[in-house]
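Some notes on the structure that comes next.
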Amino acid sequence: MSGTWSLIRLALRRDRIALPAWILGIFVMAISGPASFQQLYPTQAERTALAQTIDGNPAMVGVYGRIYDVADAGGLATWKTAPLCLVLVALMSLFTVMKHTRAEEESGRRELVGAGVVGRSAPLTAAILVALGANLLLAVITVLAFLGSKMPVDGTLYYGAAFFGGGAIFTALAAVLAQLTESARSANGIGVAVLAVTYVLRAAGDSGTQSWPTWLSPIGWTQQVRPFADQRPWVFLLIFGAALALLALAYALAARRDIAAGALPTRLGAPEGSWVLSSSFGLAWRLQRGGLFGWTLGFALGGLAAGTLAKDVSSMLAGNQQMADLLHTLGGARSFEESYLSLMFSILGIVASVYAVSAVLRLRAEETEGRAEPVLATGVGRLSWSLSHIAFALLGSAVLMTALGLTAGLAYGSPATLLGAALVQLPAIWLLAGLTVALFGLLPRLSSAAWAALVVFLLIGELGGLLKLDQWIMDISPYSHIPKLPGESVSWSPLIWLTAIAAVLLTAGLTGIRRRDLTA
Amino acid sequence: MTVAISVSGLRKAFGPATALDGLDLTVNTGEVHGFLGPNGAGKSTTIRVLLGLLRADAGTVRLLDGDPWRDVATLHRRLAYVPGDVTLWPNLTGGEVIDLLGRLRGGTNTKRKAELLERFDLDPRKKGRTYSKGNRQKVALVAALASDVELLLLDEPTSGLDPLMEEVFSECVKEVRQQGRTVLLSSHILSEVESLCDRVSIIRKGRTVETGSMADLRHLTRTSITAELSGAPNGLSTLAGVHNLDVQGTRLRCEVDTDKLTPVLSALSTVGVRSLTSQPPTLEELFLRHYEDDLS
Ligand SMILES: Nc1ncnc2c1ncn2[C@@H]1O[C@H](COP(=O)(O)OP(=O)(O)O)[C@@H](O)[C@H]1O
Ligand SMILES: [Mg+2]
């Protein structure tokens, strides 16, 4: 295949920061499990006790998955980190493949490359190889690190292979999606939606009475390999078989379509702009509404699931006094359902921040891709242009949390309380939005560092307790300051502080935007 | 005569790279002004400063009697801009973009819009991502030309258009000029501006190197002369304005600065002229002379 090698070199050059950052971030998350669990639960008895508590709790099993062997340290060490790592591995694979295939075609650079001596499917092959290479490297260093911390050898190898398998499936899925739509943004959107569905299927299968939904989910497959337990090599047939089938489909679709065209037909649109398209807010609405609808739907479903599970848990506990007593001692004054719901709300608060940050970063994309310029060359000022998108970050996140709180409340039975518990996350979300605006206004080239901040806060929240980090490190994350509702009493001062800091960051960013050069 | 754009001593650096290095530009109201320079000369940067998208490091810039950095909203309702590299929103149709930009500017002339869509042979129902480069350019051109603004800032507007559409574009600019509106038309292709522009400014490496009417600039060009004389020409090489002189017996070839033709022709006629051919000046040569310095 002529040109594949040079395209791989080009891709590695363009990704020389992004890929190492992904790999390093996922690696750190993957190895934090063994590191922390061996310290915190050194004896077999402690591990067994913890594992039994977890496995008897459908909510925890829903979020993180089942522990298949309570006797083995490996199962426990990877129980909490594996699902999150797999999600990140899937995102890395999806974004990497899309960046070097569909995004290149969309920008027209693919045509330049196509004019050179490059085989027809070389760009697709190069992107797939780069993504698989990154996954392989990640799996290898993770395996080496696990072996270094004295984890069982065969379990570690199964774990590494499952890791790589998950990446391979989503690499292949991305290769298919890249053929379908004409825009990389919508292809990425479909990919993320598929990922979310596979996660929910796994959660449903693992925590419910029926296990078949797990078997519809590639993420479920990677856990059904059951490393560190009754290892099941035949599941790899399913994983790699599916990856190969998807790859074959991608190449078949690629051979049938023109460059820059999608396999899905595109329809003609309106010949004239509706009245909505009369202001910068109208434009922002057109650009952001699809995302907002999708996210709101997701949060409503998430709330429904969380509320229903919480109710199930309480009915299960009603018949088991011993378990209820145990959870009561573990969870302190709060009931178990309350601590479960507050955990869900704080996780979904971080997820809503992803929405808020990406809504603000839309401004940066509009700027660098040259679409801000024609708008700002009209009567629209920079302030109203910026605010039109920032409004989606601030109000849109409020819409998401409202949808979450209401549906969870309706399913569980106390809408007002749960609505409050969901909305209390907003100050931290707004702080992230404000931080993104500040970066965009003052250090535009570093705008996407907002993601790095979000990941750091996520790591602090997820692993801070496990790693027993110092309190001052925990305090860096705005999410640490949110009262744990429902259950705790509301303390207003951290909420007011977070909102005030968000407002300061927002103002600083907006001032910066009005003063700086617009980069085209 | 009033002035639509006046720029003097404009400087702009991006980090260590100087994009504009003391640029001067004056565009009179009602004229079509050619803004010429090779790629990277600073045309787009100048236009972005005029639009208040970039902040000038030094120099004075006046646009329609306002300050382009401060009076953004009021000035922008009076002008329309076509970027050099048009990108559209992937899921908005061409028609939606045209209406949006028109309304943000304060209104579109619907009748003219329909007529322009027809003339440019543009389907307004297609989504932004499905347009070719030339069609994206057409969307931006229709959006700009359909509005009743005083000033059009066009940055290499014909890049990507086929010759037929370039012709349509030229007609449109001529109409705009007849309506008394002002146009700043940047280009790196001389033939494009030669037929359209009243005056041109040529810039190179962020500085204005020539400016004036087409007639003024023709004075700066050289006429090629080939002559058969009655005797051997003497002393021609010492005359001012004579370049590349090549004498073989009584045959002579040279290039003469167009504004120095009279003394050279009288020197030739003193010797006696048997035959004479002259080649009229083209701006291409003038332009190439500035480019050559660039290349060397
Ligand atoms: N945002 C920017 N950052 C850095 N350099 C820039 C930027 N914009 C333009 N330049 C540089 O300024 C010079 C002038 O560019 P430009 O105005 O685009 O030229 P032209 O439009 O005449 O082709 C070029 O050398 C270009 O590389
Ligand atoms: Mg340019």
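The values are calculated or read from the model by the stated rules, or taken from the named source; none is laboratory data. Owing to the predicted nature of the structure, the values given are computational and were not obtained by experimental measurement. Glycine also receives a Cβ, built like all others from the backbone with ideal geometry; neighbour counts cover every protein chain displayed. Heads up: the accessible areas ignore ligands, DNA and RNA and are worked out on the full protein's heavy atoms, side chains in. Shrake-Rupley method; radii C 1.70, N 1.55, O 1.52, S 1.80 Å.
Between B:SER195 and A:SER414, what is the label-point separation in nm under the 7 Å Cα-to-beta-carbon projection?
My value for the distance between the label points is 8.0 nm.
With the full set of protein chains in place, find how many percent of the accessible area of chain A is carbon and sulfur; take the probe as 1.4 Å.
Details: 15290 of 22130 Å².
For chain A, the apolar C and S fraction of the accessible surface comes to 69 percent.
If you roll a 1.4 angstrom probe over the protein chains with everything in place, what fraction of the accessible area of chain B belongs to carbon and sulfur, to the nearest %?
With neighbouring chains kept in place, the figure for chain B is 48 percent.
Normalised by the number of residues in chain A, what is the relative contact order in percent for Cα pairs under 8 Å and 6+ residues apart?
About 14 percent, as a whole number.
For the residue pair A:ARG13 and A:ALA452, what label-to-label distance in nm results when each label sits 7 Å from Cα along the Cα-to-beta-carbon direction?
About 2.4 nm separates the two model spin labels.
Counting only Cα atoms, I'd like the Rg/Rh figure for segment B:222-280, Kirkwood definition for Rh. Please report the intermediate quantities before stating the final value.
Values: Rg = 10.0 Å, Rh = 11.1 Å.
Ratio value, two decimals: 0.90.
Put +1 on the Cβ of each Lys and Arg and -1 on the Cβ of each Asp and Glu in segment A:465-520; which of A:LEU469, A:ALA503, A:GLY487 then has its Cα farthest toward the positive end of the dipole?
The residue sitting farthest along the positive end of the dipole is A:ALA503.
Looking at B:SER187, B:ILE98, B:GLY160, which one has the Cα that reaches farthest to the positive end of the dipole of segment B:3-214 (charges on Cβ: Lys, Arg +1; Asp, Glu -1)?
B:ILE98
Compute the orientation-averaged projected area for segment B:3-214 from the convex hull of its Cα atoms and round it to one decimal in nm².
Mean projected area of the Cα convex hull: 10.9 nm².
Dividing the Cα convex hull volume of segment B:1-104 by residue count, how many Å³ per residue is that?
Spread over its residues, the Cα hull of segment B:1-104 gives 133 Å³ apiece.
Calculate the radius of gyration of the Cα atoms of segment A:278-520 to one decimal place, then report Dmax, the largest Cα-Cα distance, as a whole number, both in Å.
Considering segment A:278-520 through its Cα atoms, Rg and Dmax are 19.8, 69 Å.
Could you state how much accessible area is buried at the A-B interface, both sides summed, with a 1.4 Å probe, in Å² to the nearest 100?
Its buried surface, counting both partners, is about 3200 Å².
Can you classify segment A:111-261 as rounded, prolate or oblate using the Cα gyration tensor, where a ≥ b ≥ c are the square roots of its eigenvalues, rounded means a/c under 1.5, and otherwise it's prolate if a/b beats b/c and oblate if not?
Numbers: a/c = 2.64, a/b = 1.57, b/c = 1.68.
Oblate, since a/c reaches 1.5 and b/c is not below a/b.
Can you work out the accessible area per residue across chain B, with the rest of the protein chains kept in place, probe 1.4 Å, in square angstrom? Could you put the intermediate results ahead of the total?
Numbers: 12890 Å² over 296 residues.
Per-residue accessible area for chain B comes out at 44 Å².
How large is the accessible surface of A:LEU7 in square angstrom, using a 1.4 angstrom probe and rounding to the nearest 10?
Around 30 Å² of this residue is reachable by solvent.
Check which residues have an amide H placed less than 5 Å from B:LYS127's amide H, if you skip close sequence neighbours.
A:GLY269
Using the Cα centre of the protein assembly as shown as origin and beta-carbon charges of +1 (Lys, Arg) and -1 (Asp, Glu), tell me which of A:LEU76, A:PHE170, A:ALA103 is placed farthest towards the positive end of the dipole.
With unit charges placed on the Cβ atoms, the residue in question is A:LEU76.
Report, in order of residue number, the helices in chain A meeting two criteria: a C-alpha extent of 18 Å or more along the helix axis, and a mean Kyte-Doolittle hydropathy of at least 0.0; treat each whole DSSP H run as one helix.
Helix filter hits for chain A: A:18-40, A:81-100, A:122-148, A:153-180, A:184-207, A:235-256, A:280-318, A:336-368, A:382-412, A:426-442, A:449-467, A:492-515.
Looking at the calculated P(r) for segment A:336-423, what percent of the C-alpha pair distances fall above 23 Å?
On the way: 1509 of 3828 pairs.
That tail contains 39 percent of the Cα-Cα pairs.
Could you tell me the accessible area of A:ILE473 in Å² (1.4 Å probe, neighbours in place), rounded to the nearest ten?
Counting only protein heavy atoms, the figure is 40 Å².
If the chain between B:THR270 and B:SER132 were fully stretched, how many nm would it gain, using 0.36 nm times the residue separation less the Cα-Cα distance? Mind dumping the intermediate values first?
On the way: separation 138, 0.36 × 138 = 49.68 nm, distance 6.20 nm.
The span from B:THR270 to B:SER132 would gain 43.5 nm if fully extended.
May I ask you to derive the FRET efficiency for B:ASN39 and A:ALA49 from their Cβ-Cβ distance with R0 = 51 Å, giving the value to the nearest 0.05? Please list the in-between numbers first.
Numbers: r = 72 Å, r/R0 = 1.40.
It comes out at approximately 0.10.
I'd like to check one number: the per residue accessible area of segment A:278-520, probe 1.4 Å, reported in Å² as a whole number.
Ligands and nucleic acids excluded, the result is 42 Å² per residue.
Rounded, prolate or oblate, given the Cα gyration tensor of segment B:101-211, with a/c below 1.5 counting as rounded? Walk me through the numbers on the way to the answer.
Numbers: a/c = 1.84, a/b = 1.47, b/c = 1.25.
Prolate.
So which chymotrypsin sites (Phe, Trp or Tyr not before Pro) in segment A:443-487 are both in a DSSP loop and have at most 16 other Cβ atoms within 10 Å of their Cβ?
Values: sites: A:TRP451, A:PHE457, A:TRP472, A:TYR479; in loops: none.
Those that pass, being in a loop and sparsely packed, number zero.
On the full set of protein chains, 1.4 Å probe, figure out the accessible area of B:PHE14 and give it in Å² to the nearest 10.
Answer for B:PHE14: close to 100 Å² accessible.
Relative to the compact-globule scaling 2.2 N^0.38 Å, provide the ratio for the alpha-carbon radius of gyration of the protein assembly as shown.
Relative to the 2.2 N^0.38 Å estimate, the protein assembly as shown comes out at 1.20.
Between B:LEU164 and A:LYS150, what's the calculated FRET efficiency when r is the beta-carbon distance and R0 is 51 Å? Round to 0.05. If you can, show how the numbers build up before the last one.
On the way: r = 75 Å, r/R0 = 1.47.
Taking R0 as 51 Å, the efficiency between B:LEU164 and A:LYS150 is 0.10.
Hey, rough spin-label estimate for A:LEU24 and B:LEU245, points 7 angstrom out along Cα→Cβ, what's it come to in nanometres?
With each label placed 7 Å out from Cα toward Cβ, I get 7.0 nm.
Where the only charges are on Cβ atoms (+1 Lys, Arg; -1 Asp, Glu), what is the dipole of chain B about its Cα centre, to the nearest 20 debye?
Values: 36 positive and 38 negative charges, 166 e Å.
Dipole of chain B, to the nearest 20 debye: 800 debye.
Could you size up the charge dipole of segment A:84-211 around its Cα centre, putting +1 on the beta carbon of Lys and Arg and -1 on that of Asp and Glu, and report it in debye to the nearest 20? Walk me through the numbers on the way to the answer.
Working: 8 positive and 7 negative charges, 22 e Å.
So the dipole magnitude of segment A:84-211 works out to roughly 100 debye.
Which parts of segment A:341-385, residue by residue, lose 50 Å² or more of accessible area when the rest of the protein chains are there, as against the chain isolated (1.4 Å probe)?
A:ARG371, A:GLU373, A:PRO374, A:ALA377, A:THR378, A:GLY379
Report, in listed order, any pair from A:LYS99/A:LYS468; A:LYS150/A:LYS468; B:LYS113/B:LYS205 with a Cα-Cα distance greater than 27 Å.
In this structure, A:LYS99/A:LYS468; B:LYS113/B:LYS205 lie more than 27 Å apart at Cα.
Given +1 on the Cβ of Lys and Arg, -1 on the Cβ of Asp and Glu, and no further charges, what dipole in debye does the protein assembly as shown carry about its Cα centre, rounded to the nearest 20?
My answer is approximately 380 debye.
If you plug each phi of segment B:149-160 into the Karplus form 6.51 cos²θ - 1.76 cosθ + 1.60 with θ = phi - 60°, what whole-Hz ³J(HN,Hα) values come out, in order, with x for Gly and Pro?
With coefficients 6.51, -1.76 and 1.60, one gets 8, 7, 10, 10, 10, 10, 9, 6, x, 9, 4, x Hz.
Over chain B, what is the mean sequence separation of C-alpha contacts under 8 Å (at least six apart), divided by residue count, expressed as relative contact order in percent?
Normalised by residue count, the contact order of chain B is 20 percent.
Would you work out if segment A:1-261 is rounded, prolate or oblate? Take a ≥ b ≥ c from the square roots of the eigenvalues of the alpha-carbon gyration tensor; rounded if a/c is under 1.5, else prolate when a/b is larger than b/c, oblate otherwise. Don't skip to the answer; put the middle values down first.
Working: a/c = 2.59, a/b = 1.89, b/c = 1.37.
Here segment A:1-261 falls in the prolate category.
Accessible area, 1.4 Å probe, largest first: how do B:VAL168, B:VAL82, A:VAL399 sort?
Values: B:VAL168 20, B:VAL82 0, A:VAL399 65 Å².
Accessible-area ranking of B:VAL168, B:VAL82, A:VAL399, largest first: A:VAL399, B:VAL168, B:VAL82.
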